[in-house]
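Visitor: So that we are looking at the same thing, I have put the structure below in C-alpha cells.
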Amino acid sequence: MKISGAVLDQKVCLTVFASFGLALAAHGAEATAFELAKDGNRYVGEQSKDKIVQIRSEKSVGSLTPNVWYVVFYDPTATLKAVEVKFGAGKMLDVKRPIRLLEPVTGGDVPLDKAKLKVDSDQAIKTALKEPLLQNIKVKALQLKLERVGEGVLGQSGPGEPVWKTKLWAARLRDATRDADIGEVWVSASDGKVLKSDLHINRVD
C-alpha cells in the first residue's frame, strides 16, 4: 500500500505541476505591456527600475495580441542612457543597451511619468478597435508603441503625454490572405481617450 500511495502521490504532484506550468505559460502569452514592464525590473539595475522610457511590440502574428515586446528603461550609467529588455510569450529573451541616437536630442530618453501610465496595452487595443471606420473591415494584426508625444504635438504643452500609438493591418478585399497597412490610432495612456485617428481603409482594395 505504501508503494501504491507513493505512486499516486507522485502522479498527483506531476498533474499539479503540469497544470501550474500551463497556467503560467498561458498567462505569459497574454501578459500586458505593463505586466512585462514590472517583470522587466528583475533584469535591470536599481537605477533603472520603474523608469520606463518606451514600450513597443512587434507586429502581432495570428491574433490581435502581440507576444514580442521591448521595454526600454532609463539607465544613467549607460552611454546612451537606456537599457532594453526583450520579451517573447511572456519570457525574457534578451537584455541589451540599445543605440538610441535621436532620443537624447528629442527628449525621448526621459522616463515617462509613472503616475500617468493608467491605460495598459490591452485597453489601448480595445479602444483602437472601436473606431467607427474599422467596424466593417477585418483587422488582422497590430503593433503598439508607448512613448511620449513631443511638445506641441496635438496642441500639447510641456514635456508631452504618454501615448499608445497603435498601427493596424487589415485583410485585403480581393485577397484576404494578404493584409494592408491601414494607419494608426493614438490612445492616451493617461485617460484612454483617442487623441488621433489616421486611418486609410481605402488601402484594403
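Visitor: Place the peptides 140-149, 112-121 in order of packing, highest mean first, counting for every residue the other Cβ atoms within 10 Å and averaging per peptide.
Guide: Packing order, densest peptide first, comes out as 140-149, 112-121.
Visitor: List the aspartates and glutamates whose alpha-carbon lies under 17 Å from that of LYS51, not counting same-chain residues fewer than 8 positions away?
Guide: GLU35, ASP39, ASP75, GLU84, GLU103, ASP109, ASP113, ASP120, GLU147, GLU161
Only the coordinates and a few stated rules stand behind these numbers; no lab work does. Just so you know, these numbers come straight off a predicted model, no measurement behind them. So basically every Cβ, Gly included, is an ideal-geometry build from the backbone, and we count neighbours across all protein chains shown.
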